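Quick notes on the structure that follows.
The values are calculated or read from the model by the stated rules, or taken from the named source; none is laboratory data. Source: prediction; values computed, not measured. Methodologically, a virtual Cβ is constructed for each residue, glycine included, from the backbone with ideal geometry; neighbour enumeration extends over all protein chains shown. Quick note on the areas: whole protein, heavy atoms, side chains included, nothing else; ligands and nucleic acids left out. Shrake-Rupley method; radii C 1.70, N 1.55, O 1.52, S 1.80 Å.
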Amino acid sequence: PSVTAPFTQGSLCEAAVKEKTMTKQRLWQLDALRGLALLNMLAYHAMYDWVYVFGHASSWYNIGAAGCHVWQQYICWSFILLSGYSFTLSRRPLKNGLLTAACAVVLTVATAVAMPEEVIWFGVLHLLGCAALLTCLLHPALEKLPPLAGVMGSAVLFALLNQLPQGWLGFEGTHLAALPAAWYKPNLFWLGLPDLTVFSSSDYFPLLPWVFLYWVGYFFARWFRARCTAQPGLPPKALRPLCAVGSRTLLIYMLHQPVIYGALLGLHALGLA
């Protein structure tokens, strides 16, 4: 995210997001955290391709195992929380949301054509684009909420609706109540009500519950920045490569799977894998 001059009233979203003191520099701390999450994602997807696409055995990588689940959840939670935080710093949140949503559409078309068995109908990129656009739309109402109450309320709703796509209220393995099967028949997968008898997506992050995790990051940014002002500037030398990666998240995300797949395909063609 860029830290810039105060917003003008050029659009509804930009008029709503008001920043008091901004410069054209980036917050390297956010870039470093984003870079760390991105490197973990590259490693996770490389292992996925190695095991599930190219058919190599692994003694520890199993997407059904608890360790891999925690690893995958750390990656997606990091991106979603940081994206919500970054919304409050963006000069052009509406433009950024539209760009992310457009890239998500490209990703759906590309996976449907190149890897139909791994098609992504509503993955994390779809979520981040839609969450940014929804936050733009609702920003006048959201900014009226006290930040700490927003953090706590969003966290509770995220936990309560965590298993909504599976037909339950509850977090992870905790099933508090079953939800009516009729809610899922229209297959509103983008909302979080998929008909799992006909719907599948290799990457799936519907608006519910995940928009509430996005808003945890958004409200936390408002609460934190009212108390602690992070100063933009140059990162420590040791962290500059990580920050460079984190400052190009969208580009790397769009390119990483073709690059990883191509590299593994090349290794197989050379007999090295």
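Some observations on this one:
- Residues that are at pLDDT below 95 and in contact with a Lys or Arg (Cβ under 8 Å, 6 or more places away or on another chain) do not occur anywhere in the range 207-228.
- Odd one out for residue 176, checked against (1) of a type outside the set (D, E, K, R); (2) on the phi > 0 side of the Ramachandran plot; (3) touching a residue at least 12 places away in the same chain (Cβ under 8 Å): (2)
- Qualifying residue in the range 181-190 (condition: open to solvent by less than 30 Å² (accessible area, probe 1.4 Å), in contact (Cβ under 8 Å) with a residue 12 or more places away in the chain and in contact with a strand residue (DSSP E or B) (Cβ under 6 Å, 6 or more places away or on another chain)): yes
- Condition check for residue 133: within 18 Å of residue 216 (Cα to Cα), open to solvent by 30 Å² or more (accessible area, probe 1.4 Å), in contact (Cβ under 8 Å) with a residue 24 or more places away in the chain and in a loop (DSSP other than H, G, I, E, B): no
- Hits in the range 64-107 (condition: more than 14 Å from the chain's Cα centre (by Cα), buried (at least 19 other Cβ atoms within 10 Å of the Cβ), assigned to a helix (DSSP H, G or I) and not hydrophobic (A, V, I, L, M, F, W, C)): 93
- Of the candidates 146, 165, 116, 194, the single residue that is under 29 Å from residue 90 (Cβ atoms) and either open to solvent by less than 60 Å² (accessible area, probe 1.4 Å) or modelled with pLDDT under 95 (or both) is 165.
- Cβ-Cβ under 8 Å pairs, at least 6 apart or on other chains, the range 58-86 side touching a residue at least 12 places away in the same chain (Cβ under 8 Å) and under 19 Å from residue 204 (Cβ atoms), far side of a type in the set (Val, Ile, Thr) and open to solvent by 30 Å² or more (accessible area, probe 1.4 Å): 72/63
- Yes/no for residue 221 being under 21 Å from residue 33 (Cα atoms), in contact (Cβ under 8 Å) with a residue 12 or more places away in the chain and not basic (Lys, Arg): yes
- Against the conditions (1) of a type outside the set (Ser, Thr, Tyr); (2) open to solvent by less than 30 Å² (accessible area, probe 1.4 Å); (3) touching a strand residue (DSSP E or B) at 6+ places or on another chain (Cβ under 9 Å), residue 199 satisfies every one except (3).
- Residues (within 13 Å of residue 249 (Cβ to Cβ) and hydrophobic (A, V, I, L, M, F, W, C)) located in the range 77-106: 79, 80, 82, 99, 103
- Filtered by the rule that a residue be among the β-branched types (Val, Ile, Thr) and open to solvent by 90 Å² or more (accessible area, probe 1.4 Å), the range 219-271 gives 229, 259.
- Candidate set from the range 119-130 (those that are of a type outside the set (Gly, Ala, Ser) and part of a helix (DSSP H, G or I)); member that is most open to solvent (accessible area, probe 1.4 Å): 130
- Among the residues of the range 116-126, those identified as farther than 14 Å from residue 256 by Cβ and hydrophobic (A, V, I, L, M, F, W, C) are 119, 121, 122.
- Yes/no for residue 207 being in contact (Cβ under 8 Å) with a residue 60 or more places away in the chain and either surrounded by 18 or more Cβ atoms within 10 Å (Cβ to Cβ) or among the hydroxyl-bearing types (Ser, Thr, Tyr) (or both): yes
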